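Have a look at the structure below, then the notes.
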Amino acid sequence: RVAITQKVFFGVHRPTVGPLSEGVWSRLDELEKTMPYSGDKKRAAEILDGAGWKRGPDGIRTKNGRSLSLLMSLTDSGYSTPAVKMAKAVQPMWREIGIDVQVQLMPRPQWFEFVRSYKHHLCESAGTNYDPDELRLRFTTPLIGSINYANCSDSTLDALLQRGAREPL
């Protein structure tokens with residue numbers, strides 16, 4: 001996260017975890033501590049090895065005959081957006097630990113259709129927000145027009161996020 005922030009945003013922004021900006025009353029600053037190995041290539045390799053993903057002759061990890069390859073879907077707006085720059089930055093970083101990241105650029109209408117049908121592994125998403133209701137928008141069981149591109153679906157989480165949206169400030 002630090003390397004991406006430096007390379008793509010010239011160190012102007014701070015790396016973050018999750019979609020809520022610093023200073024939002026409902027943000028859990030402790031989340032930053034839940035990813036202590038972020039950027040630790042040796043630890044990442046150990047985790048992948050432990051999960052049975054072994055490096056193949058081309059350096060990409062395989063398990064049960066399948067390559068560890070992820071599809072990152074981005075909108076092609078005709079110029080080099082931060083998301084495209086970030087994709088170009090993460091590809092070699094992930095390749096170093098044996099993960100092949102394929103970047104797919106497509107026009108926005110096709111991109112929406114593609115990510116809403118969950119054919120991707122990774123996709124661009126607008127950064128952070130100052131409104132805690134962002135969590136409900138991003139992580140409630142998908143609805144038509146949802147921005148839940150991760151296809152998160154958990155009835156307990158849905159109930160909590162809906163309840164939180166109705167709570168007075």
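The values are calculated or read from the model by the stated rules, or taken from the named source; none is laboratory data. Only a predicted model underlies this, so the values are computations on that prediction, with no experimental measurement involved. Ligands, DNA and RNA are stripped out before the accessible areas are found, and what is left, the full protein with its side chains, is counted by its heavy atoms. Shrake-Rupley method; radii C 1.70, N 1.55, O 1.52, S 1.80 Å.
Accessible area of residue 5, 1.4 Å probe, to the nearest 10 Å²?
Roll a 1.4 Å probe over it and residue 5 shows about 10 Å².
So, for the chain, what is the accessible surface per residue at a probe of 1.4 Å, expressed in square angstrom?
Values: 11250 Å² over 169 residues.
Each residue of the chain exposes 67 Å² on average to a 1.4 Å probe.
With springs only between Cα atoms under 10 Å, which of 61, 136, 43 fluctuates most in a Gaussian network model of the chain?
43
Quick one: grab Rg to one decimal and Dmax as a whole number for the chain, Cα atoms only, in Å.
Cα radius of gyration and Dmax of the chain are 17.6, 57 Å respectively.
Antiparallel DSSP bridges in the chain: what percent, to the nearest 5?
Antiparallel: roughly 30 percent of the beta bridges in the chain.
Roughly what angle does helix 155-166 make with the longest principal axis of the chain, taking Cα atoms, 0 to 90 degrees, to the nearest 10?
40
For the chain, what does the relative contact order come out to in percent, with C-alpha contacts under 8 Å and a separation of six or more?
Numbers: 203 pairs, mean separation 37.2, N = 169.
The normalised contact order for the chain reaches 22 percent.
Quick one: helix 41-50 against the long Cα principal axis of the chain, what's the angle to the nearest 10°, folded into 0 to 90?
So the helix axis and the longest Cα principal axis differ by about 80 degrees.
Run the accessible area of the chain with a 1.4 Å probe and give the carbon-and-sulfur part as a rounded percent.
Here it works out to 57 percent.
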